[in-house]
Amino acid sequence: MKYISTRGQSPAQTFEQVLLTGLAPDGGLYVPESLPRFSQAQISAWAGLDYPALAHEVITPFVDGAIDSTTLRRLIDKSYAGFAHKAVAPLRQLAHNEWVLELYCGPTLAFKDFALQLLGNLLDHVLTRNNQKVVILGATSGDTGSAALEGCRHCENVDIFILHPHQRVSEVQRRQMTTVLGRNVHNIAVRGNFDDCQRIVKSAFGDQSFLPPGRQLVAVNSINWARIMAQIVYYFYAALALGAPHRQVSFSVPTGNFGDIYAGYLAMRMGLPVKQLIIATNSNDILHRFMSRNDYSQSALQQTLAPSMDIMVSSNFERYLFDLFERDGKALARFMTDPTQAARGVDPALWQQARQIFASARVSDDETCAVIREVYEQSQFLVDPHTAIGIKAARDCNADTAVPMITLATAHPVKFGDAVQRAGLDSPELPPHMRDLFEREERYAVLDNALGAVTDFVQRHL
Ligand SMILES: *Cc1c(COP(=O)(O)O)cnc(C)c1O
């Protein structure tokens, strides 16, 4: 299977090549040239498989022989062995046809572990095989950083540098990163905000001449294709558990960068019968404005109770738009780079097509708190603010109550104690493997908000 750029101006790449890079040289994102399609009979035959076995089935066509089947299975097993629940992704029922998929049983308590545990093991295998060393450079507003560090700390051939905005992540989130102390692990607090961190990372990817010869940067945010690939699996897993493919299911997905819900869209395109895909957003609602009004203009970033979704422009939406634009990379490049076009929206016929696949809702901070409280009162189940947004959107947009509706629970509420308290509930205790988080030694550098400060730091620490 080859991977092509959404902007159509870069050569096709292999799985291994897209694993070891970031954006395509033309500024686009890599997507498979064609998607595997599974028949209803094939999907039915997967009923009852455990998570790693199903992951092996779903992922194999994308890896396309770059890693032999036995080794791939071993890497998958290793990636999910450390999850705290035997089901890896357990389903919990809230009410008739109302379900929550708990995706926070991994080491850092957010769904990002699903992709980053596997990404770390894939990288480790491929780099050892190639006798190659790489540098991971990433920016985080919270959850990606810790999941990437946990996933890659054991990779001998990786030096990992994670930027976070100084004093703008929660204390739990910061400590989850800065208490990872490996020789190859480097945390950097940038005196700036998350956008500043992202800008620095993007510039560094654009000009990698500061690296020693033979080294290259690898992305760990969801522009990395392997992350999307890993996330497709749990859509199949949850749907199979509720009777697919003989029955349709719907999903509501708390959305920031559009990586998670894009994986759900791919699962549907690959043959999973999905009735509704609901984009749940906080007040940073560009995707909801697009779906409801065909308005894709940027507005100022707002800080909300769901910080992992405080994103102005969702990078993975470009992967969906590429399909919507019938894979016309040039037209897409024009749309993505011309703000006046974005404000006018897309062709109305295309917009209608998008609305047939995605529903959307925007949820305010007050509504988020109300839902946290309501779900707790109804079901004695404590949800984090991101999940609460998903549940609210599911309830608001549900088009057919005869179809099971599954909200993706993207983080454990302990990571967002402030929101839980604002909802009038006690924030939960840290799980056993994190009990001593507040006593552990922290290590991180505080750097100026400047590309040079970061590239100098990387050079000195390789
Ligand atoms: C990253 C994240 C999201 C958003 O996922 P995207 O793939 O960026 O849309 C939602 N909730 C939590 C808890 C997250 O960490």
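None of the figures in this text is laboratory data; all of them are computed from the coordinates on show. Note that the structure is a prediction, hence the values are computed from the model and not measured. Note that we place each Cβ from the backbone using ideal geometry, even for glycine, and neighbour counts take in every protein chain shown.
Listed highest first by mean packing, meaning other Cβ atoms within 10 Å per residue, what order do 54-66, 436-448 come in?
Values: 54-66: 19.1, 436-448: 12.8.
In descending order of packing, they fall as 54-66, 436-448.
Name the residues of the range 91-116 whose amide N is less than 16 Å from a point 7 angstrom out from the Cα of R247 along the C-beta direction?
91-101
Within 10 Å, count the other beta carbons around each residue, average over each peptide in 366-376, 243-253, 104-114, 204-214, and list them highest first. Numbers along the way, then the final one.
Numbers: 366-376: 19.5, 243-253: 21.5, 104-114: 26.6, 204-214: 12.3.
The densest-packed peptide leads the list: 104-114, 243-253, 366-376, 204-214.
If I stretch the segment between S209 and H461 completely, what's the gain in nm (0.36 nm per residue apart, minus their alpha carbon distance), one decimal?
Numbers: separation 252, 0.36 × 252 = 90.72 nm, distance 1.58 nm.
Stretched fully, the S209-H461 segment lengthens by 89.1 nm.
Can you say what percent of the DSSP beta bridges in the chain, counting only those with both residues inside, are antiparallel? Round to 5. Before the final figure, lay out each step's value.
Values: 9 of 44 bridges.
Around 20 percent of the beta bridges assigned by DSSP in the chain are antiparallel ones.
Note down, for the range 206-251, the three equivalent ellipsoid semi-axes (square root of 5 times each alpha carbon gyration tensor eigenvalue), biggest first, whole angstrom. Intermediate values should be presented prior to the final figure.
Working: eigenvalues 326, 14, 6 Å².
Semi-axes (√(5λ), whole Å): 40, 8, 6.
Just how large is the dipole of the range 307-397 about the Cα centre, in debye to the nearest 20, putting +1 at every Lys and Arg Cβ and -1 at every Asp and Glu Cβ?
Working: 10 positive and 14 negative charges, 66 e Å.
Taking the Cα centre of the range 307-397 as origin, the dipole is about 320 debye.
If I stretch the segment between S292 and R269 completely, what's the gain in nm (0.36 nm per residue apart, minus their alpha carbon distance), one decimal? Spell out each step's value before the answer.
Working: separation 23, 0.36 × 23 = 8.28 nm, distance 2.27 nm.
In short, 6.0 nm is gained.
At 222 nm, what helix-only mean residue ellipticity would the chain give, in deg cm²/dmol to the nearest 500, using -39500 (n - 2.57) for each DSSP H run of four or more? Provide the component values of the computation, followed by the final result.
Numbers: 19 runs with 201 residues, N = 462.
The helix-only estimate for the chain comes to -13000 deg cm²/dmol at 222 nm.
Once the Cα atoms of the range 257-383 are picked out, what are the Rg and Dmax in Å?
Values for the range 257-383 (Cα only, Rg and Dmax): 15.9, 51 Å.
At 4 °C and 1.567 mPa s, grab the translational diffusion coefficient of the range 308-408 from Stokes-Einstein with a Kirkwood Rh over Cα pairs, rounded to a whole number in µm² per second.
Values: Rh = 16.1 Å.
Estimated via Stokes-Einstein, D reaches 80 µm²/s.
Which order do peptides 424-435, 314-325 fall in by mean Cβ count within 10 Å, highest first? Working shown, then result.
Details: 424-435: 13.1, 314-325: 21.2.
Sorting 424-435, 314-325 by mean packing, highest first, produces 314-325, 424-435.
Roughly speaking, what is the stretch gain from Q132 to D26, that is 0.36 nm per residue apart minus the C-alpha to C-alpha distance, in nm to one decimal?
Numbers: separation 106, 0.36 × 106 = 38.16 nm, distance 2.48 nm.
Additional length available on full extension: 35.7 nm.
Find the relative contact order for the chain and round it to a whole percent, using C-alpha pairs within less than 8 Å whose residues are 6+ positions apart.
After rounding, I find 19 percent.
Any idea how far apart E57 and R435 come out in nm if each label point goes 7 Å out from Cα toward Cβ?
About 4.0 nm, to one decimal.
Measure off 7 Å from each Cα along the Cα-to-Cβ vector at A445 and D64, then give the distance between these two points in nanometres to one decimal.
Once both label points are built, they end up 3.8 nm from each other.
Hey, if you drop one equal point scatterer on each alpha-carbon of the chain and run the Debye formula without solvent, what base-10 log of I(q)/I(0) do you get at q = 0.06, 0.11, 0.13 Å⁻¹?
Listed by q, the Debye log ratios stand at -0.23, -0.85, -1.27.
Set Lys and Arg Cβ to +1 and Asp and Glu Cβ to -1, take the dipole of the chain about its Cα centre, and tell me which of L149, A47, L94 lies farthest positive.
It is A47, whose Cα lies furthest towards the positive end.
Which residues among the range 387-405 fall inside the zone where the amide N is under 20 Å from a point 7 Å beyond the Cα of L91, along Cα→Cβ?
Once the point is set 7 Å along Cα→Cβ of L91, 387-388, 390-405 turn out to lie under 20 Å by backbone N, inside the range 387-405.
So if I restrict to the alpha-carbon atoms in the range 170-305, what is the Rg, and what is Dmax, the biggest pairwise distance, in Å?
18.9, 54
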